[in-house]
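**Q** Take a look at the following structure, please.
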Amino acid sequence: MGIKKIGLGRRTAAAGAAAEVAAPGGAAFAAAGAARQQGGLGQTPVEMMSGWLMRMPFSAQQRALTVGVVVSLSALLASVYLDNRQASNGAAQIEVTGDMLMHSQRLGKAVPVALLGNAQAFKQLRESKEQLTTDMLALQNGSDEKHVRATSGPGEPLLEKAMGSWKRSEKSAADVLAQQ
């Protein structure tokens, strides 16, 4: 059980011989670099950039690297901002959708009771109908009050389908409210 020998970074004689056979003359990376030069592939972009930087005076190197860091940080901040904005809009849309689900269930519960003449059920029916209309329009057109942008992309056809269903349900709810 367990490990009997632990290599602490020291090479055994056999490992050293194997490395020498694999890349005669020393490092495998040096041989690969020489082979690449002979093959005509040229320098890698990193090698070209480091060569370009090495030929510059130190102050110019410092300026170039500072500009690179500033540009990289700006790109990172822009990426974080856009990701946060998208996540916030997604969360707001989910909140509005959850609110719509609750009001649609409340509407479905209030209709049969309202048909029996219960005044409280008519009040619930009216409130849920108004809130569902507001939420649907917020998802369709955007709303500053609800902090949601208009739905676009793959969710747009689903919203259009839901709007069609809601128009029929809204008409039915209005018919029930007219009986009050």
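The values are calculated or read from the model by the stated rules, or taken from the named source; none is laboratory data. For clarity, every value in this text was computed on a predicted model and none was experimentally measured. Cβ atoms come from the backbone with ideal geometry, glycine included; neighbour counts cover every protein chain shown.
**Q** Looking at Ala138, Ala114, Ala162, can you tell me which residue is part of a helix (DSSP H, G or I) and in contact with a strand residue (DSSP E or B) (Cβ under 6 Å, 6 or more places away or on another chain)?
**A** Ala138
**Q** Now for a different question. Scan (1) surrounded by 11 or more Cβ atoms within 10 Å (Cβ to Cβ); (2) outside any helix (DSSP H, G or I); (3) at pLDDT below 55 for the single condition Gly9 breaks and write down its number.
**A** (1)
**Q** All but one of (1) surrounded by 10 or more Cβ atoms within 10 Å (Cβ to Cβ); (2) at pLDDT below 80; (3) among the hydrophobic types (A, V, I, L, M, F, W, C) hold for Leu53, so report the exception by its number.
**A** Answer for Leu53: the failing condition is (2).
**Q** Right, something else. Identify all residues within region 146-164 that are surrounded by 11 or more Cβ atoms within 10 Å (Cβ to Cβ) and small (Gly, Ala, Ser); write none if there are none.
**A** Correct list: Ala150, Gly155, Ala162.
Table: residues versus (1) over 26 Å from Lys146 (Cβ atoms); (2) in contact with a strand residue (DSSP E or B) (Cβ under 7 Å, 6 or more places away or on another chain); (3) part of a helix (DSSP H, G or I).
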| site | (1), (2), (3) |
| --- | --- |
| Gly51 | yes, no, yes |
| Thr66 | yes, no, yes |
| Leu82 | no, no, yes |
| Ala87 | no, no, yes |
| Val96 | no, yes, yes |
